[in-house]
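K.L.:
The structure is given below, and queries will be raised subsequently.
The values are calculated or read from the model by the stated rules, or taken from the named source; none is laboratory data. As the structure is a prediction and not an experimental result, all values here were calculated from the model. In this analysis, Cβ positions are derived from the backbone assuming ideal geometry, glycine residues included, and neighbour counts consider all displayed protein chains. Just so you know, the surface numbers come from the protein's heavy atoms only, side chains and all, with ligands and any DNA or RNA stripped out. Shrake-Rupley method; radii C 1.70, N 1.55, O 1.52, S 1.80 Å.
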Amino acid sequence: MDKKTPPSPIKFFKNLDKEHDFIEVSVIGEIPSSLNGILYRSGVGIFEQFGKRYKHTFEGDGAISAIKFKDSKAYASSKVVQSEGLLEEINKGKNIYGSKAPWFSRFINGLKNKRKNTANTHIVAWQQGLYALMEGAKPTQIDFETLATIGEEDFNGEIKGTFSAHPHYVASRECSYNFGLEYGRETKLNFYELPNSGKVRRIGSLTLEKPVMLHDFIVSDNYLIFFIAPAQLIIWKLLLSIGSFIDCLKWDEKSQTEIIVVPIDDCEKSYRFKTKAFFASHFAGAFEENGKIYVDYIHYPDIKLFKNLGDGSELNWRESDNHSHGKLHRAEIDVKNNTFISNLRWNGHCEFPRIAKFFSGKKYPYIWLQSEEYIDGFFRSSISRINEKNEVVTFVYDEGQLCSEPVPITSEASGDGCEYVLSLVFDSYKNISYYLLLTARDLRFQARIELSQVIPITFHGSWVDISDSRTLSERGSILTN
Ligand SMILES: [Fe+2]
């Protein structure tokens, strides 16, 4: 018997239809009473405005969605990020930024190097603030309780140029690290340290050969590690917003991927060498062992994955052959001998790897991943957990569901234990979103939290513990990996 194709996933790529403060939502199963915290996620809230649809999902204005667990009850909230650029557009009643703006606006923006800070990629808590991030701009501070947009932050001018959407925590240093890029006559890669207490510091920088798109990096106890793929930005197109994000990118097949390893305690010194071209989208973690550095990351042969996503309108449940699939790799880096070996750890299709925060910078027992299967020719969203022996446990969603990255969550009291993973899911049959709480070790069902709306695509998120009486703004430390 022929199986029916699930409804189109296009409704996952439509404007956020309801914005609201935290409201109680219903729970199927049980939220453990020890689990008190909030998962904040960043994604796209506006795909089209003034009757025009953005060309690529990454161009969309950001929205923050949150789910709070308190005393076994659940409360949900969603708000569009009110960036200065978006407010200016709303005020003037037309697109001013991006590919849908009139040519004159794009020309003026190009001259002034003005772009809209969409804050649509990640959201992290650090010291007294919650910050929504996108890689082409500075952080945007968001209110912990109301999700209201407070405004752009450069930490007393310390951040020059952009601030990546992928800071990583190092538990042994009680610091997070991030990078940013400055494009100009030359391309500068800046390194930032965000301590649990104290100020943000720019701890060093180096010059890259070309202006590149660099999405993520990773940190071990002692090193910042970058895989600089030949994904070159065409700066003049970017400045003038000509075409979509993908139109401003060029994969230089003749170039190689540069491996850069920077000692955190001596950022002026760096190890740099090249290897065969590949693209690393996201990193799970890194650790040092026997004089070598090991890095788990999602490997692609090139950057076709961005074309697959587009504005979401061409995605369907049967396009497995057209997909560019990410695979989990483990790289072994020897900076003394300039060697880089990357081996496939798991042949499953996967993305958005996460480890428990406790292990950031050192060896970790588990990685959780968003994964996918094809059953009877149909795409099925899944979540997988891989251990050190490369043994994989997978939870497969029902047909017609699209899940987000699995965020490892735990109570502060449990120390290193990651007890659960939480994912936001879109159900194309019911045209509704829900959160699914699974046990972390064996991915068994724990609770399903029902929403009364669709939360459009989100990319990354952070769990913030609220298990004691401190208010959110009194809490320190960045709480993402
Ligand atoms: Fe990302």
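K.L.:
Report, by residue number, each residue of region 171-201 that is more than 19 Å from the chain's Cα centre (by Cα) and more than 19 Å from A125 (Cα to Cα).
P.N.:
E182, Y183, G184, R185, E186, T187, K188, L189, N190
K.L.:
Of the numbered conditions (1) part of a loop (DSSP other than H, G, I, E, B); (2) more than 16 Å from the ligand (Cβ to nearest atom), Y294 fails exactly one; give the number of that condition.
P.N.:
Going through the list (1) part of a loop (DSSP other than H, G, I, E, B); (2) more than 16 Å from the ligand (Cβ to nearest atom), Y294 breaks only (1).
K.L.:
Got a number for residues in region 314-363 being farther than 30 Å from T5 by Cα and in contact (Cβ under 8 Å) with a residue 12 or more places away in the chain? If you could, list the steps in order and put the result at the bottom.
P.N.:
Filtering region 314-363 down to residues farther than 30 Å from T5 by Cα leaves 329-345, 354-363.
Right, trim to in contact (Cβ under 8 Å) with a residue 12 or more places away in the chain and you get 329-336, 338, 340, 342-345, 354-363.
Result for region 314-363: 24.
K.L.:
Being hydroxyl-bearing (S, T, Y), more than 16 Å from the ligand (Cβ to nearest atom) and modelled with pLDDT under 95: is that true of S320 here?
P.N.:
So S320 passes the test.
K.L.:
A further question on this structure: Pick from region 297-310 the residues that are open to solvent by less than 30 Å² (accessible area, probe 1.4 Å) and assigned to a loop (DSSP other than H, G, I, E, B): which of them is modelled with the lowest pLDDT?
P.N.:
So the residue we want is G310.
K.L.:
Counting just the residues of region 80-89 that are open to solvent by 60 Å² or more (accessible area, probe 1.4 Å) and touching a residue at least 40 places away in the same chain (Cβ under 8 Å), which one comes out farthest from L130 (Cα to Cα)?
P.N.:
E84
K.L.:
Right, next: Pairs, please: C-beta under 6 Å, at least 6 apart or cross-chain, first residue over 17 Å from E209 (Cβ atoms) and without any contact (Cβ under 8 Å) to a residue 60 or more places away in the chain and in region 263-283, second small (G, A, S) and within 16 Å of the ligand (Cβ to nearest atom)?
P.N.:
none
K.L.:
Let me ask something additional. Criterion first (surrounded by fewer than 23 Cβ atoms within 10 Å (Cβ to Cβ), in contact (Cβ under 8 Å) with a residue 40 or more places away in the chain and in contact with a strand residue (DSSP E or B) (Cβ under 6 Å, 6 or more places away or on another chain)) does F144 satisfy it?
P.N.:
The answer is yes for F144.
K.L.:
Which of (1) touching a Gly at 6+ places or on another chain (Cβ under 8 Å); (2) under 16 Å from I225 (Cα atoms) does I203 not meet, given it meets every other one?
P.N.:
(1)
K.L.:
Still on this model: Check C267, C248 and return the single one that is more than 16 Å from the ligand (Cβ to nearest atom), closer than 30 Å to I96 by Cα, open to solvent by less than 20 Å² (accessible area, probe 1.4 Å) and of a type outside the set (S, T, N, Q).
P.N.:
Numbers: C267 fails: closer than 30 Å to I96 by Cα.
Among C267, C248, only C248 is more than 16 Å from the ligand (Cβ to nearest atom), closer than 30 Å to I96 by Cα, open to solvent by less than 20 Å² (accessible area, probe 1.4 Å) and of a type outside the set (S, T, N, Q).
K.L.:
For region 327-344, state whether one or more residues are within 16 Å of the ligand (Cβ to nearest atom), crowded, with 18+ Cβ neighbours inside 10 Å and either modelled with pLDDT under 95 or among the polar types (S, T, N, Q) (or both). Working first, answer last.
P.N.:
Keep residues of region 327-344 that are within 16 Å of the ligand (Cβ to nearest atom), which gives 328.
Remaining after also requiring crowded, with 18+ Cβ neighbours inside 10 Å: 328.
Cutting the leftovers down to either modelled with pLDDT under 95 or among the polar types (S, T, N, Q) (or both) gives us none.
The answer is no; no qualifying residue exists.
K.L.:
Mind checking which pairs have a first residue in region 60-75 that is closer than 24 Å to N117 by Cα and a second that is of a type in the set (K, R) and open to solvent by 10 Å² or more (accessible area, probe 1.4 Å), Cβ under 7 Å, 6 or more apart or different chains?
P.N.:
A63/K79; I64/K79
K.L.:
Still on this structure, please answer the following. Looking only at residues in region 117-128 that are open to solvent by less than 10 Å² (accessible area, probe 1.4 Å) and under 16 Å from D465 (Cβ atoms), which one is farthest from the ligand (Cβ to nearest atom)?
P.N.:
Ranking the candidates gives A125 first.
K.L.:
Next question, about the same structure. Would you mind telling me which numbered condition in (1) at pLDDT below 95; (2) of a type in the set (S, T, N, Q); (3) within 16 Å of the ligand (Cβ to nearest atom) S241 fails?
P.N.:
(3)
K.L.:
Within region 415-422, identify whether any single residue is open to solvent by 10 Å² or more (accessible area, probe 1.4 Å), within 28 Å of D216 (Cα to Cα), within 16 Å of the ligand (Cβ to nearest atom) and under 22 Å from the mean Cα position of the chain (by Cα), and answer yes or no.
P.N.:
no
K.L.:
Under 24 Å from F306 (Cβ atoms), surrounded by fewer than 22 Cβ atoms within 10 Å (Cβ to Cβ), touching a residue at least 12 places away in the same chain (Cβ under 8 Å) and within 16 Å of the ligand (Cβ to nearest atom), is that true of T162?
P.N.:
When the stated conditions are applied, T162 passes them.
K.L.:
Within region 55-79, track down each residue that is open to solvent by 10 Å² or more (accessible area, probe 1.4 Å) and under 24 Å from P139 (Cβ atoms).
P.N.:
To start, the set of residues in region 55-79 that are open to solvent by 10 Å² or more (accessible area, probe 1.4 Å) comprises 55, 58-59, 68, 70-73, 75, 79.
Within region 55-79, F58, E59, K68, K79 meet the criteria.
K.L.:
Still on this structure, please answer the following. Could you tell me whether H168 is within 16 Å of the ligand (Cβ to nearest atom), crowded, with 23+ Cβ neighbours inside 10 Å and either in contact (Cβ under 8 Å) with a residue 40 or more places away in the chain or closer than 30 Å to S255 by Cα (or both)?
P.N.:
yes
K.L.:
For region 174-240, which strands (runs of 3 or more DSSP E) that fit wholly inside it have 3 or more residues that are in contact (Cβ under 8 Å) with a residue 24 or more places away in the chain?
P.N.:
175-182, 187-195, 201-208, 223-228
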